[in-house]
Structures are given as structure tokens and as C-alpha cells.
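*Asks:* Sending over a structure as C-alpha cells; questions will come in a sec.
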Amino acid sequence: MDERELLMLVQADQEMMAALRAARSLRLPDWWIAAGFVRSKLWDALTGAARPTHPPDVDVIYFDASDLDESREKKYEAALRRFMPEVPWSVKNQARMHVVNGRGPYRSSMDAVANYPETATSLALTLDRAGMPRLGAPHGLTDAVALRIRPTPAFAADPVLKAIYQRRIEAKRWDRIWPGVRYEE
């Protein structure tokens, strides 16, 4: 599967498109819906899942260095729940997440996505001006399409982050949800 095919799957998924439109309605700077929202759709398609696998949360990310107030994120989550109350929304300003993650400051939402723990999770979607989905994949789709979990360069290079990666893959157990998923160092 390539980017075009993934975007066609997203376009055909009414729930995903509704979630993207809801996130866009907040008019957040540099906004995306990231991680499991994208990866789950891709892996469901690749493994022939009978029903959609819903991630534990839907991660809306944005980048606004002028307002680092965490309470604002909760207000955005509440606004999204009014649109789609059944969705477990999580909204995070990536301009402040480097502090939470003990890293240097991110330059943009996509810089933050590039620094997620796994390459297969370093995926995000937004809508272009015409309302069409657009993919952000700073490490490409190769690992995600191959059902391969491995650390991003940042997590592979740092022993502390590598330990976090190891704990995540042990806890997530993606191979139990999607047959064929394999883990690499």
C-alpha cells in the first residue's frame, strides 16, 4: 500500500473524515490527527480486519508556541466532544510536549511526530484547503506497511528512550491485535 491508497481509504471512511473535519473546525495552527488513528486504519486494511480497530484515544496535535496553557487543550477536547461525543479525544500542543517528554523543543507538529517512539506510529493526517486528507509521515510508510515496529532514530540512539520504547512495545502488544506485526530493535 502506498500513500495514495491510504489516503483513498481515509477518504472512504466517514468516521475518519468526520473526525478530521471536527479537528479542523477548531482552527488550530499546524493541526493533525496522529499516531494510532492512522496506523490502525492502515493495519486493519493490510490484515483484513473484519471491523475497525478503534485506538484508545484520538490524538489531535497542534503547534502554538504563543499559548502553552495546558487547560486550553482541555477546552479543545470538550469542544470536540460536542461534535463527536463517542470519540476519546486527546488534544496536545506540541510546543509544550518536549517538556513532558524530557526532550529539546520541537519546531512544529511534524517535528514532534518525527520524534514519536516508533516509526510505524509516526504518522498523521490533516485536511488541505479543499478538505482532502493529507498524510504526514516523517519516516515514510515502509515500516508501517511492512507491519514492522522499530524505534525512530531519536529513540534508537538514546538508551533512556530505548528503554521507553521497549516498555511501550511490551505493553501495547500490537501483534495480538494485528497478525503479522513484528518488533525490531
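*Asks:* Take the residues of the range 98-129 that are more than 14 Å from the chain's Cα centre (by Cα) and charged (D, E, K, R): which is modelled with the lowest pLDDT?
*Replies:* Here the residue is Arg103.
*Asks:* For the range 127-185, which fully contained helices (runs of 4 or more DSSP H) count at least 3 residues that are of a type in the set (Lys, Arg)?
*Replies:* Result: 159-172.
A quick yes/no check of all residues on (1) over 25 Å from Asp30 (Cβ atoms); (2) at pLDDT 90 or above; (3) more than 16 Å from the chain's Cα centre (by Cα); (4) among the charged types (D, E, K, R):
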{"site": "Arg134", "(1), (2), (3), (4)": "no, yes, no, yes"}
{"site": "Leu141", "(1), (2), (3), (4)": "no, yes, no, no"}
{"site": "Ala144", "(1), (2), (3), (4)": "no, yes, no, no"}
{"site": "Arg150", "(1), (2), (3), (4)": "yes, yes, no, yes"}
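*Asks:* Scan the range 49-107 for residues that are surrounded by 13 or more Cβ atoms within 10 Å (Cβ to Cβ), hydroxyl-bearing (Ser, Thr, Tyr) and out of contact with any helix residue (DSSP H, G or I) (no Cβ under 8 Å at 6 or more places or on another chain) and report the count.
*Replies:* 1
*Asks:* Restrict the check to the range 106-129 and report whether at least one residue is without any contact (Cβ under 8 Å) to a residue 24 or more places away in the chain and on the phi > 0 side of the Ramachandran plot.
*Replies:* So far as the range 106-129 goes, no, none of its residues is without any contact (Cβ under 8 Å) to a residue 24 or more places away in the chain and on the phi > 0 side of the Ramachandran plot.
*Asks:* Quick check on the range 9-22: of everything there that is within 18 Å of the chain's Cα centre (by Cα) and among the aliphatic types (A, V, I, L, M), which residue is farthest from Ala146 (Cα to Cα)?
*Replies:* Of everything passing the filter in the range 9-22, Ala22 is farthest from Ala146 (Cα to Cα).
*Asks:* Return the only residue of Asp44, Asp30, Asp67 being in contact (Cβ under 8 Å) with a residue 24 or more places away in the chain and assigned to a helix (DSSP H, G or I).
*Replies:* Numbers: Asp30 fails: assigned to a helix (DSSP H, G or I); Asp67 fails: assigned to a helix (DSSP H, G or I).
Step by step, each of Asp44, Asp30, Asp67 is checked, and only Asp44 is in contact (Cβ under 8 Å) with a residue 24 or more places away in the chain and assigned to a helix (DSSP H, G or I).
*Asks:* Kindly establish whether Asp143 is surrounded by fewer than 16 Cβ atoms within 10 Å (Cβ to Cβ) and in contact with a strand residue (DSSP E or B) (Cβ under 8 Å, 6 or more places away or on another chain). I'd like the intermediate steps shown before the answer.
*Replies:* Working: surrounded by fewer than 16 Cβ atoms within 10 Å (Cβ to Cβ): no; in contact with a strand residue (DSSP E or B) (Cβ under 8 Å, 6 or more places away or on another chain): yes.
Against the criterion (surrounded by fewer than 16 Cβ atoms within 10 Å (Cβ to Cβ) and in contact with a strand residue (DSSP E or B) (Cβ under 8 Å, 6 or more places away or on another chain)), Asp143 does not qualify.
*Asks:* Here's a follow-up. Check whether at least one residue in the range 113-130 is of a type in the set (Phe, Trp, Tyr), out of contact with any helix residue (DSSP H, G or I) (no Cβ under 6 Å at 6 or more places or on another chain) and surrounded by 16 or more Cβ atoms within 10 Å (Cβ to Cβ), and report yes or no.
*Replies:* Step one: of the range 113-130, the residues of a type in the set (Phe, Trp, Tyr) are 116.
This time we only want the ones that are out of contact with any helix residue (DSSP H, G or I) (no Cβ under 6 Å at 6 or more places or on another chain), so: 116.
From what is left, the residues that are surrounded by 16 or more Cβ atoms within 10 Å (Cβ to Cβ) are 116.
Yes, there is a match, as at least one residue in the range 113-130 is of a type in the set (Phe, Trp, Tyr), out of contact with any helix residue (DSSP H, G or I) (no Cβ under 6 Å at 6 or more places or on another chain) and surrounded by 16 or more Cβ atoms within 10 Å (Cβ to Cβ).
*Asks:* Next up: Looking at Arg103, Arg51, which one is in a loop (DSSP other than H, G, I, E, B), touching a residue at least 40 places away in the same chain (Cβ under 8 Å) and among the charged types (D, E, K, R)?
*Replies:* Arg103
The values are calculated or read from the model by the stated rules, or taken from the named source; none is laboratory data. It should be emphasised that the depicted structure is a prediction, and the values quoted were computed from it without experimental measurement. Heads up, the Cβs are rebuilt from the backbone with ideal geometry, glycines too, and the neighbour counts pull from every protein chain shown.
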